[in-house]
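Just below is one structure, and these are the notes that go with it.
The values are calculated or read from the model by the stated rules, or taken from the named source; none is laboratory data. Just so it is clear, the model here is predicted, and its values are computed rather than measured. Don't worry about glycine lacking a Cβ; one is built from the backbone with ideal geometry, like all the others, and counts go over all protein chains shown.
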Amino acid sequence: MKRTLYALAFLAIGCGTEREDTGDAAHARMQDQADQLRLALKERPESPLLEYRLGQLFAEHGLMDSARAAFERSLALHEAFPEAHLEMAQIYFSQGHLDKSARSYEQAVRFDPKNAAAHNNLGYVYKRIGDFDSASTSYERAIAVDSTFVEAYNNLGQIYKAQGRSEKAVEVLRRAIAIRGDFSGAYVNLAKVYQAQGKNGEEVELWRKYAERFGSADQYSTYARDRLFDLTERTAASE
C-alpha cells in the first residue's frame with residue numbers, strides 16, 4: 001500500500017514539472033516572437049501592423065496591459081484600423097471599463113460599418129451600460145448588415161421586451177426561430193414575452209414545440225418542463 005502511494009506521489013510531481021516546463025517553453029517562444037517583432041519595428045517604426053501583431057501576441061498570453069499599449073501605438077500610427085479598435089474594445093470589456101469598450105466598438109464600426117459582429121457586440125455593451133435605445137440601434141444595424149444574424153435578433157428581442165415593445169419583440173424572436181430552429185435561447189425569450197403579455201395559450205404552444213424539438217437534452221429543458229407543467233395545471237384548475 002505504501003509503495004503505491006509513493007508511486008502516485010512521484011507521478012504527480014513528474015506531471016507538475018512537465019506542465020512547468022511546458023509553460024516555460026511557451027513563455028520563451030513568446031519572448032522570442034516579441035523580440036522578432038521589436039527588431040522588425042526598429043527597421044519599420046511606422047508600421048501599425050507590426051504593433052498590432054505585437055499586441056495580439058501579448059493578448060494571447062494574457063499580458064493585457066502590454067497588449068493595450070501595443071494596440072494604442074498601432075492606432076496612433078493609423079487611426080482607421082478597425083481590428084485594433086476591436087481588440088481594444090475587448091480588452092476594456094474584460095477589465096470592466098464598459099464606457100471605454102463602447103467607445104472602441106464605436107470606432108470599430110465607424111471604420112468597418114459592415115462588421116455585423118461588432119455592431120452586435122456594441123449593442124451588448126450598451127445594454128450592460130443601461131442605454132437600451134443605443135443597444136437596439138446597434139442590434140438593428142447588425143441585422144441590416146446580416147439578415148441571418150440570429151444572435152442579433154435574439155438580443156434585439158430582449159431589448160424590445162425591456163422597452164415594453166412586446167409586439168416588436170415577438171416579431172424578431174419568431175424571426176430568430178425561423179432562421180435557426182435549434183437556437184433554444186430564442187424560444188425561452190419568446191416564451192418570456194408571452195408570459196409578460198399574459199398569453200398563456202401562445203406560451204403553452206411554444207413550450208410544447210420546444211419539448212418536441214429539444215427533449216430533455218437542452219440547458220433550458222428543466223425550466224421548460226416546469227413552466228409547461230405550471231401552465232397546464234393552472235388551465236386545468238380554472239376549468
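Details
- Cβ-Cβ under 6 Å pairs, at least 6 apart or on other chains, the stretch 53-72 side closer than 15 Å to Gln31 by Cα, far side surrounded by fewer than 19 Cβ atoms within 10 Å (Cβ to Cβ) and modelled with pLDDT of 95 or more: Phe58/Ser66
- Val125 vs. criteria buried (at least 24 other Cβ atoms within 10 Å of the Cβ) and under 30 Å from Leu63 (Cα atoms): yes
- Residue in the stretch 171-180 that is assigned by TED's automatic domain parsing to the domain that holds Leu37 and either surrounded by fewer than 20 Cβ atoms within 10 Å (Cβ to Cβ) or not in a helix (DSSP H, G or I) (or both) present: no
- Residues satisfying the stated conditions in the stretch 160-188, i.e. of a type outside the set (A, V, I, L, M) and free of Cβ contacts under 8 Å to residues at least 24 places away in the same chain: Gly164, Arg165, Glu167, Lys168, Glu171, Arg174, Arg175
- Residue in the stretch 214-233 that is under 24 Å from Tyr126 (Cα atoms) and surrounded by fewer than 21 Cβ atoms within 10 Å (Cβ to Cβ) present: no
Results for (1) of a type in the set (Gly, Ala, Ser); (2) surrounded by 15 or more Cβ atoms within 10 Å (Cβ to Cβ), shown as yes or no for each residue.
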| position | (1), (2) |
| --- | --- |
| Arg141 | no, yes |
| Asp146 | no, yes |
| Phe149 | no, yes |
| Ala152 | yes, yes |
| Ile159 | no, yes |
| Gly164 | yes, no |
| Gln197 | no, yes |
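- The single condition among (1) assigned to a helix (DSSP H, G or I); (2) in contact with a Ser or Thr (Cβ under 7 Å, 6 or more places away or on another chain) that Glu203 does not meet is (2).
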